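For reference, the structure is listed below as structure tokens.
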Amino acid sequence: MEEDQTVSVSKGVFVFKNGIKAGSKKSKSKKKVGTSLHLLSENPWYKSYETLWTSLEEQIDGLNSEMFSSVLGSLVDFVGESYRFDVDEVPTAALLTGINMPDHKAQFTSLAKQLKDNVTEHVACLYAQDCQNIKYLVDNLINQFVNEDRCDSDEDDMEVVDKPQRIKKSLFSLQLLQGWYEELYLTETPKVEIKKEKCKNKKKVLVVIIPDFEAFNPEVLQRFILIAYSYINVLPIVIVLGIATSLSTLHTSLPYHVSSKVSVQVFHSKPSTEYLNKVLEDVFFTLDCPFQLGGKVFNLFVDIFLFYDFSVSGFIQNIKYAMLEHFSYGNAMSLCSESKKEIKQLIKKFKHEDCENTRRLLSFRKLVESESYENRIKLLTDDDYFKIVLEEEVFKLRKYIRRLHIFLKALWILVCDLPKAPLGKHLREIYSVGTSQSITKSQEYKECFQLLNFQSKEELCRKIERVIMNVGSIVNVSYNKPNKLQEFVINLKAYLNDMDVENNEEVDVEILTDVTNNMEEPEISGQMDRKQLKEKLLGMSKQTSKQMNRYEQIRQSLLNYLSETFEIYLTKPSSMYFHEICFFNDISIRTHIIGEHRAAIHSALNNPHHYLQCNCCDFPETAIRSCMPDISIAYKLHLECGKLINLYDWLQAFVSIIDPYDDDEDDAKRIIHPELQARFTQAVQELEFLGFIKSSKRKADHVTRTTWGG
Amino acid sequence: MARRFQTTVRRRVTSAYSVHGSELSPNLKHVKLYTNECFPCRSNEIDQLLNLFKSKEEPYPCSVYVYGGPSTGKSSIIKHVLKNLKINYVMINIIECYTSKNLYEIILNKFSGLHVYPLNGQPYTKCENLMEFTYQLKKISSIINLNGSVLVIDKVDELRDMDLNLLNALLKLKELTGISLCVVFVSEILFEKYVSRSNVCEPIKIYFPQYTKEQLLEIMKKDYNQAQHLIVNNFQKPIHFDLTFYHNYLNVFLSVFFRACKDLAELKHMSKVNFIKYCDPINQNENTINDSVTLWRNMAPLLKSSLETLYLRVLIKNSAKSVEIQSKEFLFSKEKLAQSLELPYYAKFLLIAAYLASYNPVKDDKRLFMKFHEKSKKSIKDVKLKSKVSEHYNTQLGPKMFSFDRLLAIFYAILDKKVGFNNNLLVQVSSLVELQFLITISDNCSLDGQKYKCNINFEFVNTISKMLGFNIRKYLSDFSHM
């Protein structure tokens, strides 16, 4: 409300109508949100963040629907076909989803959407928390079928005014559902036909989706299935169960008289690790994604995924958080953008502060140090010169990322199926090595190349062909002038050709070896004692090992060539100047990503300055001062104790810290101020509440510590 | 008066055995024949029912209690008889009546023949309690004469969990309403199982016994036409077979299945599934129709394996888009289950820790999990206890409950790596509970000191620990002394 409305000469109470007030409030709050976003969106870094994130999100969404499309497609088909013939049981689809719950929500909503679009508009989704007993379940179900349909039709034809909005909950029963369904599909009066054209079609099935089967009370579910079965001739109900663990849970939770009432069809969805790999490979490891995670952070995220939760959506949220953290560094990060044009424009627009922001990047120092003296000063002071250098370096960085990905993928193709897979089976594993160190210098890399040296010709050829295909497809699309990449492809092709030629020549070589064998044979057959024979054989085997056949020679030189190229391109990111712009490698976000409440409480109590930021407590952690909060003092004292703590001793120590001036000789006799005792009691209570101590039954006036270590 | 009535009725039921339709009216005769034809091997029970309801002049009994095992034809015979005798009847299934209010309303709606209109849910008889119910019934009866109607209530077993007075009231519905209304209860359990203190007036009981093997054979032979359709639908090349061939098949089929299952519906389903398999060798020209011995040899193992999937109607769609019942290996092998289960790494360890906590006594924790523990002195008693037969194995007794703290302590003890104690870890515990691998024992109200039980068996945990390269036997007190 505006101030001037209430300005009046006399004192008085002004009445404003409720509606107006609420409206103004709403608009105000909206405005506030708008302005705060507006404030951020001024900044170039925010703009580039937003464009990047929206494009990534779109890609992920597309990938999502693509990933689930096959399973969902067959599921939708199943639902559509389910009542084509007469059925004796309730048709049921069991979708084995894997254990991660949060990821499934998207899956089931997209399933519901697809079903609504393709098969039937009657889809109800029941969650365990809404269905504590059968009454709630049925109410919920009928509400979703009957009332939601109503809402939809209300939107369609607003002119039908006399239609009541919603059916009261007290009226819900299966009879009502039956009546509703029969009215929809069985009445042949023309009135209905006009009102709803879709009704003319055949009867539509009622789909009930239960996403979290395990969480459901089995009795409720049993009852529901029996009810559905008893209505099987009237209401075509199809049940879709989302099962997180395995099919046997279905059998353990349904007794036989129930399980014989459903005919279950099983659908498997893809495991979440596969999903993660797909997301990474198709969205984040692409050539045009400028934002890259550094090795440490990437490993952290992957670890969280593999060790803790298997949640892809969680993984994506983590990356989003990392991106926010990354971009909020300042305008320097706005250069982390997709198009070259934009980068050029952005650099042109850079103000002095922005340049300073960029100069504060760590790798800038390296750049300065590598330059000559005059250039150093120029770099540090002359913004225009700095901009030119910056642009150059950023483009170099882009090129580097591009090639990093291309060659990492090539390397992955070569090594992914080696025995024991020293560099890992998945692209993400190679990526994490490649971004945290120079992969060519790692032990695993060397092992891999040793193993490659033993590869048979067919396998190697197949791999090289795949590499050529992979790299070639990128090269042909984007570049026309011959460059290093094309050269790489051409060279590989040459090697392949060599091998093919060698294939033809092989016959000759074999004949040649045959001849030599023939020549040597009589020597062996001549009379020798055992020792001589042994020596002879040993010598022969040595000879053959020295003589490499042609294939082996080619393989050797091919591997050498590959290794050389990899060494050029697969350097670690931190060797690049301004790598911070595209690589986010700040491990300190760990504490934000993984909540560690115990550690947080410990640091709060052990070092209150960390959170309070007060002036008085700024000193090393070990000391105990009287200015600290009571609970913190009590906590620090209790850390020094053993398993059992004598309350009286503890109180003494507590008092001596808070009130140190009282320097009596006989400590024991000292009268303790009631206020201090009260403070102490409160602190102890708080510690007990936090779970650090509990009262001991063994000894009077003692408490037991419950935690160890710090 | 009621007593006398009951006795007369009882006489009527018993007389059913002696009177064999000699004095029946032609209509009744027809109904009897027709019903017997539709439901073979049930002539006794049909006679009993017909005797109760045969003439409209005589009053029907107050209540009839029909009981017998699942799918012995109770509901369908009653329905058939009542329908053919042209008696006004209403059939309800208690399974959908989760409250008594619901039950009353359904009965009233059905008796008044009202359709619920979804637009406003009206006209709708509202009925909250028994008083109202009787009143409404009377009201309906004044419009539509309900005298001589029958109310059939299916799955009465559920009544035991509902209001106490409900069964009594329904048994005496005639007395309460003053309408000559007969209530037929259909149940799978004995009437004596309805424990009730008050003096119940006993209904007339009709027992439907289980079918014998011969009876089943006879009934299932009636599906001959259906089986022919099945063959036509499933094979490109039609196979012509006669009734004896089908009879042979059923004989073979029942010889395996009869011992495991007497449920007619389930048997019918299984026979349908297996008949295709039975005919498959003929379809592929490996056997002739007459070669029943070879067919039997082919079939025996298949039947045995499909015996495992009895009552589990599971189809698995494989990539080739062909639908088939999966072998038992897929469904039941614990190893496959554990392998196919995806769990995060630490969640697996938590599960193992939970298993260890559940199946190890607390006193052994120190010995098992601490690196430097003092050697426990083995008393003779201990040794004796251990050398005793495996009855004393903890792993063979049920899981014991354990506290959350103990779970975490064991988790950290068995894990080599140092793992931060963080929230993601704690969330795993609750997600394990949600997946029913762990069961919460204490109620949800106490946030502190939650207690759990582990809900997995040894094979399962063994496969998981093998996958992790973890030797679980070393940490189980049952095995550690070996």
From the list A:ARG376, A:ARG398, A:ARG462, A:ARG466, exactly one residue is crowded, with 16+ Cβ neighbours inside 10 Å and part of a helix (DSSP H, G or I). Which is it?
A:ARG398
Given the conditions (1) in contact with a helix residue (DSSP H, G or I) (Cβ under 8 Å, 6 or more places away or on another chain); (2) at pLDDT below 75; (3) buried (at least 16 other Cβ atoms within 10 Å of the Cβ), and given that B:TYR393 satisfies all but one, which numbered condition is not satisfied?
(1)
For the subset of segment A:622-659 comprising residues that are acidic (Asp, Glu) and under 19 Å from A:LYS699 (Cβ atoms), which member is modelled with the highest pLDDT?
A:ASP649
Qualifying residues in segment B:443-456 (those that are modelled with pLDDT of 85 or more and more than 11 Å from chain A (Cβ to nearest Cβ)) - the one farthest from B:GLN396 (Cα to Cα)
B:LYS451
Based on what the data block shows, is A:GLN455 part of a helix (DSSP H, G or I) and of a type in the set (S, T, N, Q)?
no
Residue hits (segment A:247-294; part of a loop (DSSP other than H, G, I, E, B), within 14 Å of chain B (Cβ to nearest Cβ) and surrounded by fewer than 19 Cβ atoms within 10 Å (Cβ to Cβ)) are A:PRO255, A:LYS270, A:PRO271
So, in segment B:60-106, exactly how many residues are closer than 16 Å to A:SER230 by Cα, surrounded by 18 or more Cβ atoms within 10 Å (Cβ to Cβ) and away from chain A (no Cβ under 11 Å)?
3
Complete set of residues in segment B:274-312 that are within 21 Å of B:VAL232 (Cβ to Cβ) and among the acidic types (Asp, Glu)
B:ASP280, B:GLU286
How many residues are more than 9 Å from every other protein chain (Cβ to nearest Cβ), surrounded by fewer than 18 Cβ atoms within 10 Å (Cβ to Cβ) and closer than 22 Å to B:GLN228 by Cα if we restrict to segment B:256-272?
1
Quick one: count up the residues across segment A:256-288 that are within 30 Å of B:CYS261 (Cα to Cα), hydroxyl-bearing (Ser, Thr, Tyr) and in contact with a helix residue (DSSP H, G or I) (Cβ under 6 Å, 6 or more places away or on another chain).
1
Filtering segment B:31-43 down to residues that are assigned to a helix (DSSP H, G or I) and in contact (Cβ under 8 Å) with a residue 24 or more places away in the chain yields B:VAL31, B:TYR34, B:THR35, B:CYS38
Tabulated pairs, segment B:344-361, first within 10 Å of chain A (Cβ to nearest Cβ), second at pLDDT 90 or above and part of a helix (DSSP H, G or I), C-beta under 7 angstrom, 6+ apart or interchain:
B:PHE349/B:PHE411
Any idea how many residues of segment B:405-418 are within 10 Å of chain A (Cβ to nearest Cβ) and under 26 Å from A:GLU214 (Cβ atoms)?
1
With the first residue restricted to segment A:584-605 and required to be closer than 20 Å to A:ILE633 by Cα and within 13 Å of another protein chain (Cβ to nearest Cβ), and the second required to be of a type in the set (A, V, I, L, M, F, W, C) and surrounded by fewer than 18 Cβ atoms within 10 Å (Cβ to Cβ), Cβ contacts under 6 Å at 6 or more apart or on different chains are A:ARG598/B:PHE421
The residue that is surrounded by the fewest Cβ atoms within 10 Å (Cβ to Cβ), considering only those in segment A:319-344 that are hydrophobic (A, V, I, L, M, F, W, C) and closer than 19 Å to A:PHE284 by Cα, is A:LEU324
Going through segment B:257-286 in order, the residues found to be of a type in the set (Ser, Thr, Tyr) and in a loop (DSSP other than H, G, I, E, B) are none
Leading residue by the ranking (nearest to the other protein chains (Cβ to nearest Cβ)) among those in segment B:428-442 that are part of a helix (DSSP H, G or I) and within 19 Å of B:ALA409 (Cβ to Cβ):
B:GLN428
Any residue at all in segment B:369-389 that is in the same structural domain as B:ALA347 (by TED's automatic domain parsing), closer than 20 Å to A:ARG598 by Cα and either at pLDDT below 75 or not basic (Lys, Arg) (or both)?
no
If you check A:ILE232 against the conditions, is it touching a helix residue (DSSP H, G or I) at 6+ places or on another chain (Cβ under 8 Å) and in contact (Cβ under 8 Å) with a residue 60 or more places away in the chain?
no
Near pairs, Cβ below 9 angstrom, 6+ apart or cross-chain, from segment A:40-69 (within 17 Å of A:LEU280 (Cβ to Cβ) and at pLDDT 80 or above) to any residue that is surrounded by fewer than 16 Cβ atoms within 10 Å (Cβ to Cβ) and of a type in the set (S, T, N, Q):
A:GLN59/A:THR286
Test: residue in segment A:312-326 that is among the aromatic types (Phe, Trp, Tyr) and within 14 Å of another protein chain (Cβ to nearest Cβ)
yes
Pull up segment B:114-144, narrow it to residues that are at pLDDT 80 or above, closer than 21 Å to A:LEU174 by Cα and exposed (fewer than 14 other Cβ atoms within 10 Å of the Cβ), then point me to the one that is farthest from the other protein chains (Cβ to nearest Cβ).
B:ASN129
Does A:GLN292 satisfy being more than 25 Å from the chain's Cα centre (by Cα) and not assigned by TED's automatic domain parsing to the domain that holds A:ASP103?
no
Within segment A:665-689, track down each residue that is at pLDDT 85 or above and surrounded by 15 or more Cβ atoms within 10 Å (Cβ to Cβ).
A:LEU676, A:ARG679, A:PHE680, A:ALA683, A:VAL684, A:GLU686, A:LEU687
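The values are calculated or read from the model by the stated rules, or taken from the named source; none is laboratory data. Everything numeric here is computed off the predicted structure, so don't read it as measured data. All Cβ positions, even for glycine, are placed from backbone atoms using ideal geometry, and neighbour counts span all protein chains on display.
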